[in-house]
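Scroll down for the structure; my scribbles are underneath it.
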Amino acid sequence: MINNIGLKDVYEASNLIYQVVRKTPLYKTNHLSNKLKSEIYYKEEFLQDTRSFKVRGAANFVLHLSQEERERGLTTYSTGNHGRATAHVGQKLGADAKICLSKNVPENKKEGIRNSGGQVVVYGSSQDEAQEKANELHEEEGRSIVPPFDDKYIIAGQGTIGLEIMEKIPNLDSILIPLSGGGLISGIALIVKSINPTCKVYGISMDQGAAMYESLQAGKPIKIAEVNTLADSLQGGILLDNKYTFAMVEEYVDEVILVTESEIELAITYAFLKDHLMLEGAAAVGIAALLAGKISVEGEKVAVLTTGSNIDNEQFLSVVENNKNKVDF
Ligand SMILES: *Cc1c(COP(=O)(O)O)cnc(C)c1O
């Protein structure tokens, strides 16, 4: 147990969140399974109402607020999916939400937040500046800040994915999880390693601007420059005063694998052509690592987190158009 987050926190989350959150399917992908001589399952988190898993942590966080705190409302800063999840959960549980975004966040994500019932506040040109705005709304309007990843309730909420997977495939050999701030992987790895310690846990990030990877190399949380990437949901830092996820990733994650932009493009295209899935870049990094042969899984049962499908339509179509001839049949 690290920083007092344990199995009981995740079980507690699983008793609360399903009033707002869906249990998602584990889908066996035959083409990739045959290609890699293994059994590969996609955990289809893009089927949540907001098209990403982030509703789990947000729901668990808000369900732990008092009635009075809920009435004062919510705020957060986010590359998009967490903001949309906060807006959605707020709407479902009767809490008004103001979501602070930097001007770099793509228009489709702002639209998603508005459609989920949140107000969008555009401020600054980085995640850090958007965060300052959220702090201001906390001070001035008494809104609770729903943290994107480095929080006990957020981590426990995301960990419910691990429970759903272990319930279905207790003898899993490997699990591949997109990695940014590390809330997702911390919660899932905690569960997986507690229930089945021999299961390997891989974190996957893009090769440019991967804050957790660089921090692990440095041995402490460090700040790195944001780089444009198709996996925009994996952008952003891990906080210099990181309290939970850095230590949990160090403890529970076996290896962090990096994938290139062209590997992500190929994975998006592959998932579409073979399984008719529309994945955003961040959600395709596990498939990217497998297609690139960066993780060997022969003979194994493998779960791959497909975390979201919030990609701009035009961007998606052009990725598929440019890569469709590179997918071997
Ligand atoms: C947020 C997000 C991730 C990464 O989650 P962390 O908890 O920040 O590591 C992966 N995929 C998608 C689609 C996301 O929105």
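Number of residues in segment 149-179 that are touching a Gly at 6+ places or on another chain (Cβ under 8 Å), farther than 23 Å from Asn4 by Cβ and of a type in the set (Gly, Ala, Ser): the value is 0. Take the conditions (1) touching a helix residue (DSSP H, G or I) at 6+ places or on another chain (Cβ under 9 Å); (2) buried (at least 19 other Cβ atoms within 10 Å of the Cβ); Glu44 misses just one of them, which is (1).
I'm trying to understand the selection: among the residues of segment 208-232, which are hydroxyl-bearing (Ser, Thr, Tyr) and not in a loop (DSSP other than H, G, I, E, B)? Correct list: Tyr213, Ser215. Here is a check on your reading of the model: is Lys274 in a helix (DSSP H, G or I), modelled with pLDDT of 95 or more and basic (Lys, Arg)? Yes: the conditions hold for Lys274.
Just name the residue that is farthest from Leu239 (Cα to Cα) out of those in segment 179-207 that are in a helix (DSSP H, G or I) and within 9 Å of the ligand (Cβ to nearest atom). Ranking the candidates gives Gly187 first. Taken together, Lys103, Lys152, Lys98, Lys168 contain a single residue that is modelled with pLDDT of 95 or more and surrounded by fewer than 17 Cβ atoms within 10 Å (Cβ to Cβ), which is Lys168. Search segment 277-325 for residues being in a strand (DSSP E or B) and within 20 Å of the chain's Cα centre (by Cα), and hand back the single one that is farthest from the ligand (Cβ to nearest atom). Filtering first and then ranking leaves Val302.
The values are calculated or read from the model by the stated rules, or taken from the named source; none is laboratory data. Bear in mind that the values here come from a model prediction, so they are computed numbers and not experimental data. Neighbour counts are summed over all protein chains in view; Cβ atoms, including those assigned to glycine, are modelled from backbone coordinates with ideal geometry.
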